[in-house]
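Written below as structure tokens is the structure these notes are about.
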Amino acid sequence: AADGAATPAAEPPAKSAPPKPSPGPRPGPRPGPRPGPRPTHSDVAAVAPPVPHGDPHRYGRIDESGTVWLKTTSGEREIGSWQAGTVEEGLDHFARRFDDLATEVEILEERLAARSGDPKKSQAAARHLLDSLPDAAVIGDVAAIEERLTVIVGNADDVAASLRAEREAARSTAIARKEALATEAEQIGAESTQWKAAGDRLRAILDEWKTIKGVDRKTDDVLWKRYAKARDAFNRRRGGHFAELDRERAGAKSRKEELIVRAEELSDSTDWGPTSARFRELLTEWKAAGRAPRDADDALWKRFKAAQDVFFSARNAAASERDTEFAANATAKVALLDQAEKSIDPAKDLDAARREFRSFRDSWDELGKVPRDQMSTLEGRARALEKRIRDAEQSQWQRTDPEAEARAAQFTERVDQLEEQARKADERGKTKDATALREQAAQWREWAEAAKSAIADR
């Protein structure tokens, strides 16, 4: 195919027929619009349907001389020459060239409608095609192509303005969001002590920050410096906090190690009461010492508790042994009381009752202590038995009125007996019993003195 003057098809070279032009490449499937939102601006025209070349006889002709003519509303215009084949082949050739032009126009329309690329570049390309239309060697509805190119040139400015507005709005939104994130980061950096949650939030802010686009470099640098400064401030405060915490925990570890040494020294003590109180004091000091480093605190506590357990296990074992002994003492005292209450009868024989009670008291004292909850009951029964004898003695004294000297001697003898019993009780370490016996001796001494006084007064 060729445009311009050419050798007529009827006069081929002598030795060979003129070669037919290879058909020009037909355009492939027209590309669809690129992905992206369609324009919403009311002034941007929708993409017009493609302009097929249609019947080339309607828009052009090739005369007998091979001259190619384009039919327009203002008349015919010579666009070239065809000498390489039949008229139909020539018309088809120039119609395909029109299709190529129409495809370029359609691509520009779709690009503008899809708001992809630079509208100004699309406008420049459309203007270039528009300027070249008067000389275009194509056969087709050139008027429709001219109209569409004119629309592209006119709408490109509106699309460019709309895109600028959208970009500015997106930029403002992006700046506002980054400013909000920077402000939040600054507050965290200056105030927060929720170290785990605040650190996670700063990382989340950074992740969101990276997704925000459309901020100019200068503004973005300023905002980024604010965020980075806030993050550094938070990290410094957090580092200082944990450094101080490490110092405190190191001090707590040292203090707890001292308490462990003291607890281990006390673990073998058999001074149950005071040592138990001292362990309670050590536990209070342990709690006040605070936490040691995590990897050491549990081990320290196990050592401290082990020392406690040694002592309290021994104390509990001793208490259990003591309780068993006291329970056995109580059982024996109950049996002793049962027997004494049956056998001692001062109403029948006061002297025998006295002897049996002295023997009972000696056996009672030798049996030792009983459980605290039984002590009062058992002592009450013993005192009641003793009171029966005293009451019988008082009654006999009032009834018989013996010789004053004998009575005084009897009283004195009783004083001696009670004091001897008190001395023995002291020797056995039974201070309470000794005190009670001396009180009885004092009472008998008063009676002896009264008897002697009566003798003196006779």
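The values are calculated or read from the model by the stated rules, or taken from the named source; none is laboratory data. No experiment lies behind these values; they were computed from the predicted model shown. Positions of Cβ are backbone-derived with ideal geometry, glycine not excepted, and every protein chain shown enters the neighbour counts. To get the accessible areas, we keep the full protein, side chains included, count just its heavy atoms, and leave off ligands, DNA and RNA. Shrake-Rupley method; radii C 1.70, N 1.55, O 1.52, S 1.80 Å.
Pairs meeting the criteria (first residue in segment 188-200 and under 13 Å from Arg236 (Cβ atoms) and part of a helix (DSSP H, G or I), second residue open to solvent by less than 70 Å² (accessible area, probe 1.4 Å) and aromatic (Phe, Trp, Tyr), beta carbons under 6 Å, at least 6 apart or on different chains) are Ile188/Phe234; Gly189/Phe234.
Count of segment 83-122 residues, restricted to those that are among the basic types (Lys, Arg) and under 60 Å from the mean Cα position of the chain (by Cα), is 4. The residue list Ala174, Ala137, Ala185, Ala180 contains one member that is in contact with a strand residue (DSSP E or B) (Cβ under 8 Å, 6 or more places away or on another chain) and modelled with pLDDT of 90 or more, which is Ala137.
Give me the pairs: first residue in segment 90-114 and among the basic types (Lys, Arg), second residue in a helix (DSSP H, G or I), beta-carbon distance under 8 Å, and six or more apart or on different chains, which are they? Listed pairs, sorted by first residue: Arg111/Ser122. State whether one or more residues within segment 215-229 are in contact (Cβ under 8 Å) with a residue 40 or more places away in the chain and over 30 Å from Arg164 (Cα atoms). Yes - at least one qualifying residue is present in segment 215-229. Restricting segment 368-385 to residues that are under 13 Å from Glu325 (Cα atoms) and modelled with pLDDT of 80 or more leaves a set whose member that is least open to solvent (accessible area, probe 1.4 Å) is Val370.
Looking only at residues of segment 340-361 that are open to solvent by 30 Å² or more (accessible area, probe 1.4 Å) and without any contact (Cβ under 8 Å) to a residue 12 or more places away in the chain, we find that the one that is nearest to Ala319 (Cα to Cα) is Ser359.
Select from segment 367-390 the residues that are in contact (Cβ under 8 Å) with a residue 40 or more places away in the chain and charged (D, E, K, R) and write down the one among them that is farthest from Ala441 (Cα to Cα). Within segment 367-390, the match that is farthest from Ala441 (Cα to Cα) is Lys369.
Listed conditions (1) of a type in the set (Lys, Arg); (2) part of a helix (DSSP H, G or I); (3) over 30 Å from Arg390 (Cβ atoms) are all met by Arg291, apart from (2). Annotation note: Cβ proximity below 8 Å between a residue of segment 147-171 that is in contact (Cβ under 8 Å) with a residue 60 or more places away in the chain and in the same structural domain as Ala126 (by the TED database) and a residue that is part of a helix (DSSP H, G or I) and not acidic (Asp, Glu) (sequence gap 6+ or interchain) occurs for Arg148/Val105; Asn155/Leu112; Val159/Leu112; Val159/Pro119.
Residues checked against (1) open to solvent by 20 Å² or more (accessible area, probe 1.4 Å); (2) within 24 Å of Glu109 (Cα to Cα); (3) among the acidic types (Asp, Glu); (4) in contact with a Phe, Trp or Tyr (Cβ under 7 Å, 6 or more places away or on another chain):
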site	(1), (2), (3), (4)
Arg148	yes, yes, no, no
Glu166	yes, yes, yes, no
Ala180	yes, no, no, no
Gln187	yes, no, no, no
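Comparison of Glu419, Glu427, Glu405 shows that the only residue that is loosely packed, with under 15 Cβ neighbours inside 10 Å and modelled with pLDDT of 85 or more is Glu427. Every listed requirement among (1) surrounded by fewer than 16 Cβ atoms within 10 Å (Cβ to Cβ); (2) part of a helix (DSSP H, G or I) is met by Asp268 save one, (2). Selection over segment 261-298 of residues that are among the aliphatic types (A, V, I, L, M) and more than 21 Å from Asn316 (Cα to Cα) gives a count of 5.
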